[in-house]
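**Q** Let me give you the structure first, and then I'll get to my questions.
No lab work stands behind these numbers, since they all come straight from the coordinates. Remember, predicted model here, so these are calculated numbers, not experimental data. For neighbour counting, all protein chains shown are included, and Cβ atoms are generated from backbone atoms with ideal geometry for every residue, glycine included.
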Amino acid sequence: MISRRDFLQVGMAASALVGASGFGNWAKLAAQQALTQDQLLQFDTFGNVSLIHVTDIHAQLKPIYFREPEINIGVGDNKGKVPHLTGADFRQAYGIEDGSPRDYALTYEDFASLAREYGRVGGLDRVATVVNAIRADRPDAILLDGGDTWHGSYTCYHTEGQDMVNVMNALKPDAMTFHWEFTLGQDRVRELIEGLPFAALGQNIFDATWDEPSEEFKAYEFFERGGAKIAVIGQAFPYMPIANPGWMFPDFSFGIRDERMQEVVNDVRGQGADLVVVLSHNGFDVDKQMAGVVEGIDVILSGHTHDAVPEPVLVGETIIVASGSNGKFVSRVDLDVREGRMMGFRHKLIPIFSDVIQPDKDMAALIDEQRAPYEAEMAEVIGQTEDTLYRRGNFNGTWDDVICDALLSERDAEIALSPGVRWGPSLIPGQDITREDIWGVTSMTYPEAYRTEMTGEFLKVILEDVADNIFNPNPYYQQGGDMVRIGGMGYAIDISKPQGERISDMTLLSTGGAIDPARNYVVAGWASVNEGTEGPPIWDVVESHIRKLGTVTAPGHDNVKVTGV
Amino acid sequence: MDLTRRETLAVGGAALVVAALPMPAMASAVDDLINEFTGGADLADSGVDLIAPEIAENGNTVPIEVSAEGAASIMVLAAGNPTPPVATFNFGPLAGESRAKTRIRLAGTQDVIAVAKMADGSFARTSKNVKVTIGGCGG
């Protein structure tokens, strides 16, 4: 008799085989200009259950460019482990050829030229084509949305998420969990949840007054598929009131709450679940840790940290699947579920090459309908860029440099701070910068660009605090963003040190002098989590700055010295 | 809770003096409180559970839960507060289970410690580091 572990290993091998037959030959195919939709979708249907995972779409309805990170440092047990591999290390780990479509989709090097060759990625009309193709193979495939869906664009902001709800409803997900959705404010979230034709899940969404599970979000939903009983448990982003403005959703409390996760897993197993799936917005390292703490989870569909991972990562007998961001990828996971357990799996991370995958006509029309009232204002060209503008990475991206420069000049500040979020599409050299592009990297419900004074000492406290949210060796203490972006100031960071000792050599770039702990500096920033923050919205600040420049150059700075890696 | 207001104030007064001392003195103040509770007995690593958030959503009101099967009492300390003693929960013979939930105030990132006195007179200890942060920027 084959043990469960053996089955999993067989499954893993099958997964690798699929990679070899479908994924790995792209370089050759692309060289022949023969990459086709059929090859991207090729999948030998396996087992009796299919899961489809999308996550962190950030309201990107249309195809975009998205550059993956160059710097994504893992700490503690995750040092040098997936998903903390980038560039050449990533290519080596997965046998990816330089310049191949996989290279373009999954790493950062030579991004601009590969982007010109392979084109834009994503677009929910293309995602619809992929979802429909999987449903043609397996009509009862379960589509799961990991959240960060109702946030991140001009239309999403102006419709308070309605555009995304309309489009996703047409895609017919079976369940969803949440993060940035709550920044629409709790009243709007309640309004949207009430009308959802699918399950709104979060075992860790609690009533803040009573510190008990919220009655407004279910912990799990059961599905009967292929003769198996499947429980999908939701796990919302644990640190919403800390990383985002808690005053916008004061009735709710979150947290990792792995002890309740264990209770819920035991509960659904007790009710006869053959398969337990966690739809998670924890972030990848937190999910890995949780998989080791909570027993009885078969599959974690991981979101939040925007990692695109070509093969599932196995922790004990739990597989963790991560499906990128911004509509760039869809994961398909086929499972063999029998005799009350998962016997094997086959997986494919499907990149949405928008020039290869045909848009679904109905979905394209629905998307255009959402955009039509705003099209003229979104399409206005504000300037051009000479360099690739991107955000992803642990430290400043070039888009962040542009935003910080805008804050320094438009708000007449010495130092600029910009949040280390991971969303925001990229632009390639020579592209126009439209209003929509600016909103793609700035859109949020707390955009006020404040101008204030901070002491050098307080600036260090901020840097130390944020650094510990990223580089604390215990994943449960990480919030999943990147380092706060900074303009007008340089610093050194030793990743390996504890909080309070990581940051040194803080330097004011305009004078070259050391930051004086006792002196006040004029600081401009945005996305403050504090209620009552005042200032013009960041998109107006950036637009005004780019309009004055005409053509933006952003070669990348070298103002942060990183050690202890 | 078995601390009267008078006792709390007295302990607070003592702690204020302690707070001005360097960290090792602080740690020994906590050790002293534990020794006072246990009479210097050995502490088992398991037997008492403490549920607290990894990162507090609001340091002024942090929900915690302590439980220990069959415990007669559980003492809770916030090791980094100016006044480390939080509460001691006593469970009589009619208590359904030895479990208590409350909310505590944390002055900053620190360890929360729970020490349980079992019915047989033995003791168990656990702790959890709770971060109080100024807030970051989620992805």
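**Q** Among residues other than A:GLU534 whose Cβ falls under 13 Å from its Cβ, what is the net charge (Lys/Arg +1, Asp/Glu -1)?
**A** 0
**Q** What does the charge add up to near A:ALA228, with Lys and Arg as +1, Asp and Glu as -1, over the other residues with Cβ less than 12 Å from its Cβ?
**A** So the environment of A:ALA228 carries a net charge of -2.
**Q** Moving on. Helix-only mean residue ellipticity at 222 nm, chain A, DSSP H runs n ≥ 4 weighted -39,500 (n - 2.57), per residue, nearest 500. What is it?
**A** Helix contribution divided over all residues of chain A: -9000 deg cm²/dmol.
**Q** Also, I was wondering about something else. How much length would be gained if the chain were fully extended between A:ASP98 and A:SER496, taking 0.36 nm per residue of separation minus their Cα-Cα distance, in nm to one decimal?
**A** 140.1 nm
**Q** On C-alpha positions alone, give me the angle between the axis of helix A:258-270 and the longest principal axis of chain A, in degrees, nearest 10.
**A** The helix A:258-270 is inclined about 20 degrees to chain A.
**Q** Further question on the same structure: Within a 10 angstrom radius of each residue's Cβ in B:57-69, how many Cβ atoms of other chains show up on average? Whole number is fine.
**A** Neighbouring Cβ atoms belonging to other protein chains average 2 per residue here.
**Q** Also, quick follow-up: Treat the range A:380-563 as a sphere of radius equal to its Kirkwood radius over Cα pairs and apply Stokes-Einstein at 25 °C in a medium of 0.890 mPa s; give the translational diffusion coefficient in µm²/s, rounded to a whole number.
**A** Calculated translational D: 147 µm²/s.
**Q** Moving on to the next point. Between A:VAL337 and residues 5 or more places away or on another chain, which pairs have amide H atoms under 5 Å apart, with H built 1.01 Å from N, and which residues are they?
**A** Sorted by chain and number, the residues that satisfy this are A:ASN48, A:VAL49, A:MET343.
**Q** For A:ILE142, what residues show an amide H to amide H distance below 5 Å, using hydrogens built from the backbone and excluding near sequence neighbours?
**A** Hits under the 5 Å cutoff: A:SER50, A:LEU51, A:ILE52.
**Q** Over all alpha-carbon pairs in the protein assembly as shown, figure out the percentage whose distance exceeds 49 Å.
**A** Beyond 49 Å sits 16 percent of the P(r) for the protein assembly as shown.
**Q** Which lysines have a Cα less than 27 Å from the Cα of A:LYS328, not counting those fewer than 8 places away in the same chain?
**A** Answer for A:LYS328, where 27 Å is the Cα cut-off: A:LYS28, A:LYS62, A:LYS79, A:LYS81, A:LYS172, A:LYS288, A:LYS348, A:LYS361, listed by chain and number.
**Q** Expressed as a whole number of Å, what is the distance separating the alpha-carbon centroids of the range A:167-184 and the range A:287-352?
**A** 19
**Q** Right, another one. Rounded to whole Hz and in sequence order, give me ³J(HN,Hα) for the range A:503-513 from the Karplus expression 6.51 cos²θ - 1.76 cosθ + 1.60, θ = phi - 60°, writing x for Gly and Pro.
**A** The phi angles translate into 9, 8, 6, 5, 10, 7, 5, 5, 10, x, x Hz.
**Q** Hey, what angle do you get for helix A:284-293 against the long axis of chain A, alpha-carbon based, 0 to 90 degrees rounded to 10?
**A** That helix lies at roughly 50 degrees to the long axis.
**Q** Let me ask something else about it. Residue by residue through the range A:200-209, what is 3J(HN,Hα) from phi via Karplus (6.51 cos²θ - 1.76 cosθ + 1.60, θ = phi - 60°)? Round to whole Hz and write x for glycine and proline.
**A** Here the 3J(HN,Hα) series is 9, 10, x, 5, 9, 8, 10, 6, 5, 5 Hz.
**Q** If you don't mind, another one. Per-residue HN-Hα couplings for the range A:218-226, Karplus 6.51 cos²θ - 1.76 cosθ + 1.60 at θ = phi - 60°, whole Hz, x for Gly and Pro?
**A** These are the phi-based 3J(HN,Hα) values: 6, 6, 8, 9, 8, 10, 9, 9, x Hz.
**Q** State the three equivalent ellipsoid semi-axes of the range A:460-504, derived from the C-alpha gyration tensor as the square roots of 5 times its eigenvalues, in descending order and whole Å.
**A** 18, 12, 8
**Q** Mind checking B:46-55 for the average number of partner chain beta-carbons within 10 Å of each residue's beta-carbon?
**A** Mean partner-chain Cβ count within 10 Å for B:46-55: 4.
**Q** To the nearest 20 Debye, how big is the dipole of the protein assembly as shown about its Cα centre, given +1 on the beta carbon of each Lys and Arg and -1 on that of each Asp and Glu?
**A** 720
**Q** What does the net charge come to around A:ASP145 if you take all other residues with beta carbon closer than 13 Å to its beta carbon, with K and R at +1 and D and E at -1?
**A** Around A:ASP145, the charge tally is -4.
**Q** Once both axes come from the Cα atoms, what is the angle between helix A:4-18 and the longest principal axis of chain A, in degrees from 0 to 90, rounded to 10?
**A** 70
**Q** So, in Å, what gap is there between the alpha-carbon centers of the range A:445-510 and the range B:34-93?
**A** Taking the Cα centre of the range B:34-93 as reference, the centre of the range A:445-510 is 33 Å away.
**Q** Putting +1 on Lys and Arg Cβ atoms and -1 on Asp and Glu Cβ atoms, find which of A:TYR157, A:LEU508, B:ILE74 reaches farthest to the positive end of the dipole of the protein assembly as shown.
**A** B:ILE74
**Q** I'd like to compare A:74-80, A:354-360: which one has the highest average count of other Cβ atoms within 10 Å, and what's the full order after that?
**A** A:354-360, A:74-80
**Q** Which one, A:THR553, A:LEU40, A:PHE66, is farthest towards the positive end of the dipole of chain A when Lys and Arg carry +1 and Asp and Glu -1 on their Cβ?
**A** A:LEU40
**Q** For B:GLY80, list long-range residues whose amide hydrogen, built 1.01 Å from N in the peptide plane, is under 5 Å from its own amide hydrogen.
**A** Those qualifying (amide H under 5 Å, at least 5 residues apart or on another chain) are B:ASP111.
**Q** Among the GluC sites (Glu not before Pro) within the range A:511-565, which fall in a DSSP loop and have no more than 12 other Cβ atoms within 10 Å of their own Cβ?
**A** A:GLU531, A:GLU534
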